[in-house]
Amino acid sequence: MKKNIITLAILLLLGVAAFPSLGQAKVGAGLGFGSEVESLGIGINGEFPTANSRIIISPSFILFFPDVINFWELNGNMNYVFSRSSATVYGILGLNIARAGFDDISTPFGTVEGQSDTDLGLNIGVGVNFDIGSNVTPFAEMKYAISDFDQLVIFGGVRFPIR
């Protein structure tokens, strides 16, 4: 599990190299809540502008903390900016890879072998960046992941410029 998290975090950060001079890229972190896992999660998130000023590539990774299972999601979203002002509103459309599983569990009757399942899905949602006049950009997003792991995810945090 730790290897997966480290690998995904490195891949997200390497995304910076894919967009070397196309505006102000940002990365950050935040907290989220998943409606189906009924759990809080922590995550990392990035924004990488494209040549089209209204389209932003936004990868993210969220690790949720439900009681028994391990659950994470990796997202590759395209955000479409509707308006720019003190609150920049954008639509979210993208791909979602989610994994749920649990490790071996020892019981008085023996060991239950761990299992996992990974599914590909579609994200659709809305988000907002808040311009507070500094390098820190607070944001909030609400998206619905359509897959075998359907769930509403509310995620918010802060992003910082990386260039």
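Structure notes:
- Any hit, region 132-141, residues being touching a residue at least 60 places away in the same chain (Cβ under 8 Å) and not acidic (Asp, Glu): yes
- In summary, strands (runs of 3 or more DSSP E) completely within region 45-163 and bearing 3 or more residues that are of a type outside the set (A, V, I, L, M), open to solvent by less than 20 Å² (accessible area, probe 1.4 Å) and within 23 Å of PHE33 (Cβ to Cβ) occur at 55-64, 70-83, 87-102, 115-130, 137-146, 151-161.
The values are calculated or read from the model by the stated rules, or taken from the named source; none is laboratory data. The structure presented is a predicted model; accordingly, all values stated were derived computationally and were not measured. Cβ sites come from the backbone with ideal geometry, for glycine too, and all protein chains shown count toward neighbours. Protein only, heavy atoms only, side chains kept; ligands, DNA and RNA dropped before computing areas. Shrake-Rupley method; radii C 1.70, N 1.55, O 1.52, S 1.80 Å.
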